[in-house]
Amino acid sequence: DAGVTQSPTHLIKTRGQHVTLRCSPISGHKSVSWYQQVLGQGPQFIFQYYEKEERGRGNFPDRFSARQFPNYSSELNVNALLLGDSALYLCASSSGQGTYGYTFGSGTRLTVV
Amino acid sequence: GIQVEQSPPDLILQEGANSTLRCNFSDSVNNLQWFHQNPWGQLINLFYIPSGTKQNGRLSATTVATERYSLLYISSSQTTDSGVYFCAVGGTSYGKLTFGQGTILTVHP
């Protein structure tokens, strides 16, 4: 079985641009969460989607948005990129929400110049 | 929100040594996971352990939920064990995980 897949693996963008990151969960998993990890820190929660509805949002500005599609894949969108948005963006999937273990993808490394 | 503290922040070992990593959390949780992050950034799930004890080869973990801590034991360490170990907890009805700052483990041959 394929694990959690994310694309692209690396991305370089210019300040002010928009970026879309993609995630496909493990087959059968209905929950997708997004995390941001800056260098030297633990991942920070951005969003969780379950059954195509937003179920949780972390402390991130409105420039960050996400959605989940009928096949449970997900997109994370970031508008008006800032240098501080440079980070590893991780996607995690789970079969449920709350009391289930999460499996993470390999991440998308975003560099904003 | 829940606070998660991991100790020690850094750990240097010789191959073959044993180690214990600790995770303290500030509130009751319904989810606790230990992860190993490799040099390429991949978070590898080691244990899903909101309570009790589990073992997987040279690794084992114990969570005492009533006392709000978890321990990860690594025995007979190998150079491939090097990397960052994260404890992550969830205390809400949805899936938010709060991560600690991690323990950087370096195993020398």
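Throughout, read-outs are computed from the coordinates displayed, never taken from laboratory work. If you're wondering where the values come from, they're calculated on a predicted model, not measured in any experiment.
Structure notes:
- Around the amide H of B:GLN78, modelled in the peptide plane, lie the amide H atoms of B:GLY16, all under 5 Å away and 5 or more residues distant in sequence or on another chain.
- For the range A:34-50, 3J(HN,Hα) computed residue by residue from phi via the Karplus equation (6.51, -1.76, 1.60; θ = phi - 60°) reads 10, 9, 10, 10, 8, 4, x, 10, x, x, 10, 5, 10, 9, 10, 10, 9 Hz, glycine and proline entered as x.
- Look at the alpha carbon pairs under 8 Å that are at least 6 residues apart: their mean separation over the length of chain B gives a relative contact order of 38 percent.
- Residue pairs exceeding 20 angstrom between C-alpha atoms, taken from A:LYS30/A:LYS52; B:LYS54/B:LYS96; A:LYS13/A:LYS52: B:LYS54/B:LYS96; A:LYS13/A:LYS52.
- In this structure the amide hydrogen of A:LYS13, modeled in the peptide plane, comes within under 5 Å of the amide hydrogens of A:THR111, A:VAL112, A:VAL113, none closer than 5 places in sequence on its chain.
- Inverse of mean 1/r across different Cα pairs in the range B:18-109, Kirkwood, Å: 13.4
- More than 16 angstrom apart: percent of Cα pairs within the range B:46-97: 48
- Cα gyration tensor, the protein assembly as shown - rounded (a/c under 1.5), prolate or oblate: prolate
- Distant-in-sequence amide contacts of A:GLY56, defined by a placed amide H-H separation under 5 Å and a gap of 5 or more residues or a different chain, comprise A:GLN48.
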